[in-house]
1. In segment 274-332, which residues are β-branched (Val, Ile, Thr) and either under 21 Å from residue 40 (Cβ atoms) or assigned to a loop (DSSP other than H, G, I, E, B) (or both)?
2. Of 163, 208, which residue is in contact (Cβ under 8 Å) with a residue 60 or more places away in the chain and open to solvent by 10 Å² or more (accessible area, probe 1.4 Å)?
3. Considering only residues that are open to solvent by 80 Å² or more (accessible area, probe 1.4 Å) and among the hydrophobic types (A, V, I, L, M, F, W, C), which ones fall in segment 183-196?
4. Applying the selection to segment 185-215, what residues are in contact with a Phe, Trp or Tyr (Cβ under 8 Å, 6 or more places away or on another chain), assigned to a helix (DSSP H, G or I) and more than 22 Å from residue 311 (Cβ to Cβ)?
5. Does residue 180 satisfy being among the small types (Gly, Ala, Ser), open to solvent by less than 50 Å² (accessible area, probe 1.4 Å) and not in a strand (DSSP E or B)?
6. Enumerate the pairs (first residue in segment 229-241 and closer than 16 Å to residue 65 by Cα; second residue anywhere and open to solvent by less than 10 Å² (accessible area, probe 1.4 Å) and at pLDDT below 95) with beta-carbon separation below 8 Å, excluding pairs fewer than 6 apart on the same chain, so at least 6 apart or on different chains.
7. Among what's in segment 333-352 and is open to solvent by less than 40 Å² (accessible area, probe 1.4 Å) and not in a loop (DSSP other than H, G, I, E, B), pick the residue that is nearest to residue 236 (Cα to Cα).
Amino acid sequence: METKVLLILSLLLLSGCSSDDSSPNLDAEREFGMGFTTWSYGPNIEDVTNTYSFISDNADIYAEHIDNSIPWNEWINDQTLPSDFTNEITGRAAKKISGKQLLLSVSLLNSNRDELASNLDGTIPSYTNLDDDDLKGAYFKHVNYLVGEFDPDYLVIAIEVNELRLRSSEKWNGYKNLIADVKSRIRLAYPDLKIAESVSLHNLYEPEISDPSAYIDEIMDHVNQNDFIAISYYPFLKNQSSKSEMQETLDFLHDKSNKPIAFVETAHIAENLVIPNLNVSIDGSEIGQNLYLETLLENAAHEEYEFIIWWAHRDYDALWETFPEEVKDLGQIWRDTGLLNEDGVERPAFTLWSDTFRD
């Protein structure tokens, strides 16, 4: 099962949902892409099939998000890849949607973004520094294999990399050397592919660290060297609920960026989020979700974003029920962010999405 990034719990405070209401000013013809990840709302084959069908009908770009273990040992030792790994990749690649652009997002890091992703057996490959030759060679093989299988239009070559700088700063220079090496080799192999590393905006804007300016400047200097600025943004993880808070965050991003912006994963809760084991209680509503989408679409039009990718098109309660107990609390965080609820009933944000997509 794919995992998403572990929260900084101090950011998850009690919050209320704003009653701000405005209509997006989208009179001009839409030039940015709109899409979803292929994250399924349920565990069954028909659920997966329905997810791809929904994307085909309601998007012009979509994302395959590869955020799980990496067969490091096999790549390093030139061994046969595990069938569980190759079957998943070839199965997903076989579902490629004709006529849609594809974003491939690949994670180098674990779910907490403080260490390498593990081997398939849960172990971490042995290394001295992240830019060890074995790791550089193995990660190039991994990304090269995935790009070859999916043939994407856009590549996020590493996911939410600013969080490594936050949580394991001693590894940051090694990371930069590794990714520069792998990126240069992928560019040679696929010169027309647009490549970026994603950053989590909710952990970049107003970070609670001792020298935030130095951290922000370092991250933005780094990602401004990419072909586009790849953003992961979940406003509720920053305790944001009003349009003004969201707009201030987006204005911060616009001021710091000198490349086209793409929201490679984003969403907002449509229901209250209460997780007692994590001491989390955040108010959410369909009105608040719609407000965020309005704000995002306005900015996508006015700031000429490349595209926006909403994380899950439908609440994944059915899939969540199958999660192991040890990850159910974590998995609940994004469960109720769909534009459709768990029963497939359309929320107001879906109407806004549909009207904007089809205009």
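The values are calculated or read from the model by the stated rules, or taken from the named source; none is laboratory data. Just so you know, these numbers come straight off a predicted model, no measurement behind them. Cβ coordinates were reconstructed from backbone atoms using ideal geometry, including for glycine residues, and neighbour counts include every protein chain displayed. Side chains are part of the model used for accessible areas, which takes the heavy atoms of the whole protein and leaves out ligands, DNA and RNA. Shrake-Rupley method; radii C 1.70, N 1.55, O 1.52, S 1.80 Å.
1. Of everything in segment 274-332, those that are β-branched (Val, Ile, Thr) and either under 21 Å from residue 40 (Cβ atoms) or assigned to a loop (DSSP other than H, G, I, E, B) (or both) turn out to be 308, 309, 322, 327.
2. Answer to the check: 208.
3. The answer is 188, and nothing else.
4. 185, 186
5. When the stated conditions are applied, residue 180 does not pass them.
6. 232/5
7. 349
Matching residues to (1) of a type outside the set (Asp, Glu); (2) surrounded by fewer than 16 Cβ atoms within 10 Å (Cβ to Cβ):
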| position | (1), (2) |
| --- | --- |
| 72 | yes, no |
| 84 | no, yes |
| 87 | yes, yes |
| 95 | yes, yes |
